[in-house]
Amino acid sequence: DVASYTSGTSLVDIKNSKNMTMYNSPVYSSSGGKYITFNGSNNYAISPSLTSYFTNSNVITLVAWVYPTGNGVIVDELGVQSTSSGWHESVFEITGGNTLRCGFWNGSSISQISSPIVLNQWHMVTMTYDGTSLKGYLNGNLFGTTSFVRQAPYNNGYNAQTYALGYGTMTNMGSGLNGNFRLGSFEIF
């Protein structure tokens, strides 16, 4: 939660002390609310491994309070605490035509749902996967559902369940660029 952040290279996890490490100095602002800006070029953050919280379950909910300012990846799922190797896929992304895309890897591609999104305003983006169905919500409104078998990093030989904010990836849903957005909070359930 950015509300507790003031400076430094760690974005503090207020629940379980699983702090995200920030790279290339994303800019913090307390003007008009507290948020961190990812510049679409080289700012990003990476969580530590969260594998112990999943106990071999593919059930997950991701929630982000974001203010998108352009195309790019908002959240990546990683199988190692590195952006350059191993398992990596975008799970929240803004693509051309101001389209929000949410999805997870199904073993051969990213199963995804999408919705138009307005840039330059705050949005609550939520994605749930219950073991069978992926559902996407934009500002509390359901915008899509699809069913598939989700593959997670630990299903495929990786020992980490890690998330990156703002980092671009080749395994993407249409843009793959580094994220260009403001972040108010990011939650994983």
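The values are calculated or read from the model by the stated rules, or taken from the named source; none is laboratory data. Just so it is clear, the structure is predicted and the values come from calculations on it, not from any experiment. All Cβ positions, even for glycine, are placed from backbone atoms using ideal geometry, and neighbour counts span all protein chains on display. In case anyone asks, the SASA skips ligands and DNA or RNA and just uses the protein heavy atoms, side chains included. Shrake-Rupley method; radii C 1.70, N 1.55, O 1.52, S 1.80 Å.
Treating the beta-carbon of each Lys and Arg as +1 and of each Asp and Glu as -1, no other charges, what is the dipole magnitude of the chain about its Cα centre, to the nearest 20 debye? Each step should come with its number before you reach the end.
Numbers: 7 positive and 8 negative charges, 30 e Å.
Dipole of the chain, to the nearest 20 debye: 140 debye.
Which order do you get for Trp87, Trp65 if you rank them by accessible area with a 1.4 Å probe, largest at the top?
Numbers: Trp87 25, Trp65 95 Å².
Heavy-atom accessible area, descending, gives Trp65, Trp87.
Any chance you could list the semi-axes, whole Å, largest first, of the equivalent ellipsoid that the Cα gyration tensor gives for segment 104-159, using √(5λ)? Walk me through the numbers on the way to the answer.
Values: eigenvalues 123, 31, 20 Å².
Working through the eigenvalues yields semi-axes of 25, 12, 10 Å.
Residue by residue through segment 68-79, what is 3J(HN,Hα) from phi via Karplus (6.51 cos²θ - 1.76 cosθ + 1.60, θ = phi - 60°)? Round to whole Hz and write x for glycine and proline.
x, 10, x, 5, x, 7, 8, 9, 10, 9, 10, x
Quick one: Karplus J couplings for segment 154-160, per residue in order, coefficients 6.51, -1.76, 1.60, θ = phi - 60°, nearest Hz, x for Gly and Pro?
5, 6, 10, x, 9, 9, 10
Rounded to whole Hz and in sequence order, give me ³J(HN,Hα) for segment 89-106 from the Karplus expression 6.51 cos²θ - 1.76 cosθ + 1.60, θ = phi - 60°, writing x for Gly and Pro.
7, 6, 10, 10, 8, 9, 10, x, x, 6, 10, 7, 10, 10, x, 9, 5, 10
If we restrict to alpha carbons, what Rg and Dmax does segment 53-141 come to, in Å?
Cα radius of gyration and Dmax of segment 53-141 are 13.2, 38 Å respectively.
Per residue, how much accessible surface does segment 74-165 expose to a 1.4 Å probe? Answer in Å², no decimals. Intermediate results must be reported in sequence, preceding the final value.
On the way: 3510 Å² over 92 residues.
Normalised by residue count, the accessible surface of segment 74-165 is 38 Å².
Measure off, as a whole percent, the carbon and sulfur share of the 1.4 Å-probe accessible area of the chain, all protein chains present.
Values: 3790 of 8170 Å².
Here carbon and sulfur together make up 46 percent of the probe-accessible area.
Working with all protein chains in place, sort Arg182, Arg150 by solvent-accessible area computed with a 1.4 Å probe, largest first.
So the residues, ranked largest to smallest area, are Arg182, Arg150.
Would you mind putting 170-176, 102-108 in packing order, based on average other-beta-carbon counts within 10 Å, highest first? If you can, show how the numbers build up before the last one.
On the way: 170-176: 17.6, 102-108: 19.4.
Put in order of decreasing packing, that is 102-108, 170-176.
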